[in-house]
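Visitor: First the structure, then my questions, so here it is.
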Amino acid sequence: MAITGVTRPGHAQLRVLDLEQSVEFYKNVMGLVETGRDAQGRVYFKTWDERDHNSLVLRQADQAGIDHFAFKVLDRATLERLDSDLRAYGVATERRPAGDMLGTGERVRFEIPTGHIIELFAEKEFVVGRDRLVNPTPWTPQSEHGIAPLRMDHALLYGPDIDGNVKLFTEVLGFTMPEYVEHDDDGSKIAVWLTCSNKAHDIAFARFPEPGKLHHVSYLLESWEKVLRAGDICSMHDVKLDIGPTRHGITRGTTIYAFDPSGNRFETFCGGYQCYPDWEPIRWPLSELGAGLDYPQRKLHESFLTVVT
Ligand code: M3P
Ligand code: FE
């Protein structure tokens, strides 16, 4: 399927407890590039390889977590169409003007059934230099600094009504569901992986009693070796690891979960399959979730189910 409509994850805005400590972490451990600070004090980052102005925004707050997760849509006409489709579906939308976030055009924001704020935007300032577009080098000094992911890839969010999210994302926003976990007994959904592209997921949701929770924001690396290197870098900087290095049965990605200085979980991962419109969703019964999470160990790590911000 041509990638139209919602094209890809755009940015995550996270709350952090100590802004400067977090800036230091995301710059020097994660290896992101700081692209600006706004009048509200928010700090903006992109990966070395991303072309748009930002994919991560940090805001100082008393409690860690996620303010919103945003997707880039194809163009302005698509933004208008999706806004009216959302309203026709019964979702209240609001607008944030261009420039409210650095380098970012007008945004349409709305709350989804798990209590998260999702935003759509069509325009983001292009900050890539000509040296990356003409005769580019495959890597740069910046790509070797810290973990240095290729891109911000997806998020996993926890909240109560994931069925409502699946309905909204598939019926209005054009996503498909390549993979899901369901209860062995009643077939109710425990976790769902949704894509707007042919990646295994652009966003995922898991059922959780509290609304609006962040499980992780994930960053794509080029290889399994780079995932291991990310583990080395975490150890060198005393970053608290959660799970891995290992491989997920679900999506087949190789992975490490760890925590930023505020306790927001992040993932560094590589791999996963591609799916096309004729993809038949993969089903995991809850009793096999250990293998879904950590395939080599077939282990259902307690923290995966309980630790969120
Ligand atoms: C991911 C991923 C589970 C697997 C999670 C997968 C819940 O986070 O990026 O593929 O088993
Ligand atoms: Fe993930």
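The values are calculated or read from the model by the stated rules, or taken from the named source; none is laboratory data. Nothing here was measured: the structure is a model prediction, and the numbers come from that model. For neighbour counting, all protein chains shown are included, and Cβ atoms are generated from backbone atoms with ideal geometry for every residue, glycine included. For the accessible areas, the whole protein counts, side chains as well, though only heavy atoms, and no ligand, DNA or RNA atoms are used. Shrake-Rupley method; radii C 1.70, N 1.55, O 1.52, S 1.80 Å.
Visitor: Please specify each residue of the stretch 4-60 satisfying the condition of being hydroxyl-bearing (Ser, Thr, Tyr), within 17 Å of ALA148 (Cβ to Cβ) and open to solvent by 10 Å² or more (accessible area, probe 1.4 Å).
Guide: THR35
Visitor: Can you find a residue that is under 21 Å from LEU56 (Cα atoms) and in contact with a Lys or Arg (Cβ under 7 Å, 6 or more places away or on another chain) anywhere in the stretch 164-181?
Guide: Scanning the stretch 164-181, I find no residue that is under 21 Å from LEU56 (Cα atoms) and in contact with a Lys or Arg (Cβ under 7 Å, 6 or more places away or on another chain), so the answer is no.
Visitor: If you go through the stretch 147-176 one residue at a time, how many are in a strand (DSSP E or B), away from ligand 2 (no atom under 15 Å from the Cβ) and within 19 Å of THR7 (Cα to Cα)?
Guide: Our first condition is that a residue be in a strand (DSSP E or B); within the stretch 147-176, this holds for 151-159, 176.
Pick out the ones that are also away from ligand 2 (no atom under 15 Å from the Cβ) and you get 159, 176.
The next check asks that each one be within 19 Å of THR7 (Cα to Cα); those that pass are 176.
Here the count works out to 1.
Visitor: Residues that are modelled with pLDDT of 95 or more, within 13 Å of ligand 2 (Cβ to nearest atom), open to solvent by less than 40 Å² (accessible area, probe 1.4 Å) and farther than 29 Å from ARG15 by Cα: does the stretch 247-255 have at least one?
Guide: Yes: the stretch 247-255 contains one or more residues that are modelled with pLDDT of 95 or more, within 13 Å of ligand 2 (Cβ to nearest atom), open to solvent by less than 40 Å² (accessible area, probe 1.4 Å) and farther than 29 Å from ARG15 by Cα.
Visitor: Ok, one more. Just the residues that are surrounded by fewer than 19 Cβ atoms within 10 Å (Cβ to Cβ) and either more than 25 Å from SER235 (Cβ to Cβ) or touching a Leu at 6+ places or on another chain (Cβ under 8 Å) (or both), please, taken from the stretch 141-165. So that I can check it myself, show each step before the final result.
Guide: Initial filter on the stretch 141-165 (surrounded by fewer than 19 Cβ atoms within 10 Å (Cβ to Cβ)): 141-145, 150, 160-161, 163-164.
LEU150, PRO160, ASP161, ASP163, GLY164, listed by residue number.
Visitor: Just to be sure I understand, how many residues within the stretch 259-269 are buried (at least 22 other Cβ atoms within 10 Å of the Cβ) and not acidic (Asp, Glu)?
Guide: Here is the first cut: in the stretch 259-269, the residues buried (at least 22 other Cβ atoms within 10 Å of the Cβ) are 260, 264-269.
Then drop every residue that is not not acidic (Asp, Glu), which leaves 264-266, 268-269.
Final tally of qualifying residues: 5.
Visitor: Continuing with the same structure: Is there any pair linking a residue in the stretch 138-159 that is touching a residue at least 60 places away in the same chain (Cβ under 8 Å) to one that is of a type in the set (Lys, Arg) and away from ligand 1 (no atom under 16 Å from the Cβ), with Cβ under 8 Å and at least six apart or on different chains, and which?
Guide: Close Cβ pairs satisfying both conditions: GLY146/LYS27; ILE147/ARG229.
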